[in-house]
Amino acid sequence: MSENPQRGSRALPPSRKRALFAALLAIDAVVTLFPPLYWSAGAGRSAAATLVYFIGGSFVVLASILLMYAVERIQGECGEARS
């Protein structure tokens, strides 16, 4: 199987890809699961500020998922849907 030269030039080495994915997952875990962040977002603040934290955290997780998908897609490692 021949590799597409354009894809090969933009592909990350496997060790860098694993490091990137691990860092993104760690950031997602801290943003979504670390209780002191929730407490500080809600303690003595308005409902709007708390809502901004929760929506912002959701966007951070969504952006990291889309970034990981894009990296997989560029490297041609994502399975295509088959009918």
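Taking +1 at the Cβ of each Lys and Arg and -1 at the Cβ of each Asp and Glu, which of PHE21, ALA49, LEU62 sits farthest along the dipole of the stretch 5-74 towards its positive end, judged by Cα position relative to the Cα centre? About the Cα centre, the residue reaching furthest to the positive side is PHE21.
Overall, the anisotropy analysis places the stretch 5-74 in the prolate class: the square-rooted eigenvalues a ≥ b ≥ c of its C-alpha gyration tensor yield a/c not less than 1.5, with a/b exceeding b/c. Each residue, VAL52 and ALA26, gets one label point 7 Å from its Cα in the Cβ direction; the gap between the two is 2.8 nm.
The numbers here are math on the coordinates, done by the rules we state, and not lab data. Since this is a predicted model, take the numbers as computed values, not measurements. Methodologically, a virtual Cβ is constructed for each residue, glycine included, from the backbone with ideal geometry; neighbour enumeration extends over all protein chains shown.
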